[in-house]
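What follows is a single structure, written as structure tokens, with notes after it.
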Amino acid sequence: MMHADSPQLFIVADNPLQRIALADAMMQCGFDVLHNIHSNRLKPEHCHLLPSLWLLDVEHDDNVLDMIGDDAPLMIGITRAPSPVHQKAYAHWVKTLSDKVIKFLGNAPPLLTEVIELAPEAEVVQQKNVELSREVEPQLVIMEGAEDRPSRHTTSHEQVHVPSHPKKQGHVHATDAIGELNHTGSTDWQYVCILAASMGGPEAVKRFLDRVPVSVPVTFILVQHIDPNMQSVLPRVLSRHNSWQFDTEQSFTEQGGLLQPSLFLKSGHVLLVPAARQIDFGANGEVFAFDEIESDPVKYEPWPGHYQPSINEVMRRAAEAFGSRLMTIVFSGMGDDGSDAVDDVQRVHGVIWAQTASSCVCASQPDHVRASGKVSFNGTPEILAEHLQQFISEQSISID
């Protein structure tokens, strides 16, 4: 039974098993599901319903985004539902998803209790899953929260070999860059800021970017744990309502590699670190993309460790390249990626900030970094954005 004031959701999912699970989970929690359809059945008239939130899990996000419009409230990167046969895992998935929806909407439906238990309707879903599984084999695709599983290239005991590469032109050691707050090279930025994010990260990063004017002399490097096949939708979602330009792997020059830069960091731009291809940096903002390897089916050497891309590794490489011009902000996420590299950033006098636990969808990642004692400022995404502008302004005045 739905209350008249229950938030209304519109589900668009291409996998039939996921559609059933999403509708079941949201109705269990007391949300009003207006429609639950495949993306090829979405029509313009559906957009006139103005749901409280769109839940998208589709293969071609751009087509759906074009139809629903840039201002529509939406949630992407939904973790694939486990089978209801695994009752505890399924109940946990329902609880996690409902918490994220509630946090997004700012209010809970009247029927939602504090503890969500597996409803009897799950048996119906289980039967439907059995019937549908004969026609469609479910795929495990995780957009946010990719850290919930190890990299498919490693196990917890494996060591990943990273090929050595020659020293790059213009690449100075971190100690050579200490104190260079106002770089005099060809760059148009004063600081490089890593945005480290995982589960719940896209929402937090977007709130942050919406509050930072592109005129601030900073360039961002976004390290978001994500399935490589789902990266393409991030720039469009994160750049809504702001003027930040996104550079992706598709922006790399064909001539680039470990000897020639594939891209240069620019003020007013956000570099989205590829999930399936390693990169390195030069002191003047060069971005060096690792070359292809002769190994099938893997096209590029994976990032070291369990996380793809690796926040730890990006922080270490950026610290070596940019020294005290490096800033790192750790946003919402599960796991501890980034906590092992805080010493590398502090050693070159870089700064580390973190999102407050109360404003995170999942506070594990910033909490692990905070536990190091190296975080000098905490705030909501909006407060972090204001503090960034104030910090850079004060540093510029002190230099002058």
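Scanning region 355-373 for residues that are in contact with a helix residue (DSSP H, G or I) (Cβ under 8 Å, 6 or more places away or on another chain), buried (at least 18 other Cβ atoms within 10 Å of the Cβ) and part of a loop (DSSP other than H, G, I, E, B) gives CYS360, VAL361, ALA363. The residue list LYS43, LYS100, LYS88, LYS95 contains one member that is outside the structural domain of LEU238 (by TED's automatic domain parsing) and over 30 Å from SER358 (Cβ atoms), which is LYS43.
Could you tell me whether any residue of region 31-42 is buried (at least 17 other Cβ atoms within 10 Å of the Cβ) and within 22 Å of the chain's Cα centre (by Cα)?
For region 31-42, residues buried (at least 17 other Cβ atoms within 10 Å of the Cβ) and within 22 Å of the chain's Cα centre (by Cα): absent.
Taking the numbered list (1) surrounded by fewer than 23 Cβ atoms within 10 Å (Cβ to Cβ); (2) in contact with a Gly (Cβ under 8 Å, 6 or more places away or on another chain); (3) in a loop (DSSP other than H, G, I, E, B) in turn, ASN312 passes all entries but (3).
Taking the listed residues SER243, SER310, SER267, SER262, the one that is touching a Phe, Trp or Tyr at 6+ places or on another chain (Cβ under 9 Å), under 18 Å from PRO202 (Cα atoms) and among the hydroxyl-bearing types (Ser, Thr, Tyr) is SER310, with no other qualifying.
Within region 72-101, restricting attention to residues that are of a type in the set (Ser, Thr, Tyr) and under 21 Å from GLY333 (Cα atoms), the residue that is nearest to the chain's Cα centre (by Cα) is THR79. Taking GLN139 as the residue in question, decide whether it is assigned to a helix (DSSP H, G or I), modelled with pLDDT under 50, loosely packed, with under 13 Cβ neighbours inside 10 Å and not aromatic (Phe, Trp, Tyr). No; evaluated as a whole, the condition is false for this residue.
Taken over region 63-94, residues that are surrounded by fewer than 17 Cβ atoms within 10 Å (Cβ to Cβ) and in a helix (DSSP H, G or I) amount to 7. Has region 223-243 got any residue that is within 25 Å of VAL330 (Cβ to Cβ), in contact with a Gly (Cβ under 8 Å, 6 or more places away or on another chain), free of Cβ contacts under 8 Å to residues at least 40 places away in the same chain and not charged (D, E, K, R)? For region 223-243, residues within 25 Å of VAL330 (Cβ to Cβ), in contact with a Gly (Cβ under 8 Å, 6 or more places away or on another chain), free of Cβ contacts under 8 Å to residues at least 40 places away in the same chain and not charged (D, E, K, R): present.
Of the strands (runs of 3 or more DSSP E) lying entirely inside region 205-297, the ones with 1 or more residues being modelled with pLDDT of 95 or more, under 18 Å from the mean Cα position of the chain (by Cα) and more than 25 Å from ASN63 (Cα to Cα) are found at 218-224. In this structure, is LEU56 in contact (Cβ under 8 Å) with a residue 24 or more places away in the chain and either outside any loop (DSSP other than H, G, I, E, B) or surrounded by 15 or more Cβ atoms within 10 Å (Cβ to Cβ) (or both)? Answer is yes for this residue.
Could you please let me know if GLY333 is closer than 26 Å to MET230 by Cα and surrounded by 24 or more Cβ atoms within 10 Å (Cβ to Cβ)? Before the answer, list the steps.
Numbers: closer than 26 Å to MET230 by Cα: yes; surrounded by 24 or more Cβ atoms within 10 Å (Cβ to Cβ): yes.
Yes, satisfied.
Looking at region 290-307, is at least one residue in contact with an Asp or Glu (Cβ under 8 Å, 6 or more places away or on another chain), of a type outside the set (D, E, K, R), within 30 Å of ILE383 (Cβ to Cβ) and buried (at least 21 other Cβ atoms within 10 Å of the Cβ)? Yes, there is a match, as at least one residue in region 290-307 is in contact with an Asp or Glu (Cβ under 8 Å, 6 or more places away or on another chain), of a type outside the set (D, E, K, R), within 30 Å of ILE383 (Cβ to Cβ) and buried (at least 21 other Cβ atoms within 10 Å of the Cβ).
Taken over region 34-63, the criterion of being within 11 Å of PHE10 (Cα to Cα) and among the basic types (Lys, Arg) is satisfied by no residue.
The values are calculated or read from the model by the stated rules, or taken from the named source; none is laboratory data. Keep in mind that what you see is a predicted model, and the values were worked out from it rather than measured. In this analysis, Cβ positions are derived from the backbone assuming ideal geometry, glycine residues included, and neighbour counts consider all displayed protein chains.
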